[in-house]
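Heads up: the structure comes next, in structure tokens.
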Amino acid sequence: MDDKLITRREFLMALGGLVLIGLGGYPFIRPFLPGTVAPWVLPQKPTVPWNGSVKTFMFNVTRGNVSLGDGRQFSGYLINGQFPGPTIRVREGDKVRITVNNHLDQPTTLHWHGVNVSSPIDGVPGISQDPIKPGQSFTYEFVAGPSGTRWYHSHVFEMDQVPNGLFGALIIEPANGREPYPASREATLVFSSWGYQANPGFDYGMQTSGGMGQMMMGGGNMVSSSQGLIHLINGDVPSSLQPITVRPGEKVRLRLINASASESYWLTLDTGHFLITHADGNPLDSPVPASDLYIAPAERYDILVTPPQSGKWFLRSKISGQESVQVPFSTDGSVRAVPSSAPSWSYSNLAAGIGSLPRADQHFSLTLSGGMMMGSNWTINGASYPNTTPLRVKTGDRVRIEMQNMSMMEHPMHLHGHSFEITSFNGKPLSRPLVKDVVNLRPMERCTIDFLANNPGNWFFHCHNLQHMRNGLATVIEYVDYPLPHVDKWM
Ligand SMILES: [Cu+2]
């Protein structure tokens, strides 16, 4: 450990404290230090000052018929008559006020995924927020931030309510229009999967994990998608999507959101490599070229694509069983596939090299396991939620969670209420830690994540394979200095 590093880090942490006191809070210290790479600076509480503007939304949640482009129909959950819910687009610093009117015959809530709201409106029954009962309304109010590609989804009866419609995109534009990687055009692509009711005993996500299936086939890229599911993009089958029309040579931003309850997608572009600019909505220090992108449940990536001179081309998944996942683009004429020289996907590529781990104030070690039998429980350190041991943290601490996945499936672990930094992956400290709110661990992988305990409350920390979550792969981060919440017991 470099002494100079510690000194610098502690100085910056102190500076962060001063800034927080002086300005009422700002999400990242990084903007105050242009041109520096500061891996020891953790994301601050995203309380950008309210800019005086209020954006009001009314969400009427109902049951209703969904018609897909291939003629398939089902009874889903609608927000304002839409499947999935409407895209919300606001500016960082706006006060967002969303009233949810629950017209269902069952409770619901919404979770604002990637927005570090206050604990009582975080949407998790039994932990942070009581469910919105049938016939009742609830108003969520928060100052939008940090900027980036966020999303929202139900946190009640998740394996039913989420895939059947209670999710949508939440785009927060940077304050003052300060987009670090500008584009001339953009599109939001929300991936989801549907059809879980048809096969309730099946452990969805098994195939995309590259776990059991891959090992039994002797390694390599032998992954396939869960059987029985159909894949949707922006709420419809990809074959019904209108091509996204672009001009040759312009810069196009694609905001990719994986809202699937269990499936990962491994995406490539016919036109060759592209630039990854944001992970889970947070800008990278510099754009990273890639030839493919693996997006696990609940993850988001923003990429910049440069269209070819002409032609029809696709963003598509290379996972076996996901052949239908093709997003059409069109410039005029015909296109040749461009051989790609960019590196293939890994978190380490986004984090640029190997660094060293700074000191943490608190350290937890979690072993993720289970799932060896059909329908069996998933565990953290041998226990299934709600019997897992809560992680008790103290405001102001730098908390490190070390995780190892000792199971044969992947687990996209999501922390509520905070952004964290992936500080090491498979034993290698990263030189430029990756700011995210989901870290996907494939079979036998391990990592450390660090976060600053700066949002007192009770926060769910769980696998975003929603079936795994319901079967126990979850725990709670509890602040010792936060009063017990007055929420009812749930499930
Ligand atoms: Cu999992």
Close pairs from the range 304-333: first without any contact (Cβ under 8 Å) to a residue 24 or more places away in the chain and farther than 15 Å from R255 by Cα, partner of a type outside the set (A, V, I, L, M) and surrounded by fewer than 16 Cβ atoms within 10 Å (Cβ to Cβ), Cβ under 8 Å, at least 6 apart: D332/S310
Cross-chain or 6+ apart pairs with Cβ under 6 Å, the range 449-467 first and under 15 Å from Y482 (Cα atoms) and in the same structural domain as L366 (by TED's automatic domain parsing), then away from the ligand (no atom under 14 Å from the Cβ) and in a strand (DSSP E or B): A453/V393; A453/V399; P456/Y479; N458/V476; N458/E478; W459/I477
Test: residue in the range 455-464 that is within 13 Å of the ligand (Cβ to nearest atom), hydrophobic (A, V, I, L, M, F, W, C) and out of contact with any Pro (no Cβ under 8 Å at 6 or more places or on another chain): yes
Residue within the range 94-103 that is more than 26 Å from D488 (Cβ to Cβ), more than 19 Å from the chain's Cα centre (by Cα) and part of a loop (DSSP other than H, G, I, E, B) present: yes
Extreme residue, nearest to the chain's Cα centre (by Cα), among residues of the range 260-279 that are in a loop (DSSP other than H, G, I, E, B) and surrounded by fewer than 24 Cβ atoms within 10 Å (Cβ to Cβ): H273
Residues that are out of contact with any helix residue (DSSP H, G or I) (no Cβ under 7 Å at 6 or more places or on another chain) and either under 20 Å from D122 (Cβ atoms) or part of a loop (DSSP other than H, G, I, E, B) (or both), drawn from the range 155-170: H155, V156, F157, Q161, N164, G165, L166, F167, G168, A169, L170
Residue tally, condition surrounded by fewer than 21 Cβ atoms within 10 Å (Cβ to Cβ) and within 14 Å of the ligand (Cβ to nearest atom), over the range 371-381: 3
Contacts under 7 angstrom Cβ, first residue in the range 159-175 being over 17 Å from I98 (Cα atoms), partner in a helix (DSSP H, G or I) and of a type in the set (S, T, Y), 6 or more apart: M159/Y196; P163/Y196
Strands (runs of 3 or more DSSP E) contained entirely in the range 382-426, each with at least 2 residues that are among the β-branched types (V, I, T) and more than 13 Å from the ligand (Cβ to nearest atom): 398-405, 420-425
Residue in the range 85-116 that is modelled with the lowest pLDDT, counting only those that are over 19 Å from T139 (Cβ atoms) and in contact with a Ser or Thr (Cβ under 7 Å, 6 or more places away or on another chain): E92
Residues (touching a Leu at 6+ places or on another chain (Cβ under 9 Å) and hydroxyl-bearing (S, T, Y)) located in the range 289-327: S291, Y294, Y301, T306, S317
Candidates T475, T448 - the one that is within 14 Å of the ligand (Cβ to nearest atom) and buried (at least 23 other Cβ atoms within 10 Å of the Cβ): T475
E158, sole failed condition from (1) modelled with pLDDT of 90 or more; (2) more than 16 Å from the ligand (Cβ to nearest atom): (2)
Failed criterion for L441 (all others in (1) surrounded by fewer than 22 Cβ atoms within 10 Å (Cβ to Cβ); (2) within 16 Å of the ligand (Cβ to nearest atom); (3) at pLDDT 95 or above hold): (1)
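The values are calculated or read from the model by the stated rules, or taken from the named source; none is laboratory data. If you're wondering where the values come from, they're calculated on a predicted model, not measured in any experiment. With ideal geometry, Cβ positions are generated from the backbone for all residues, glycine too; neighbour counts draw on all protein chains shown.
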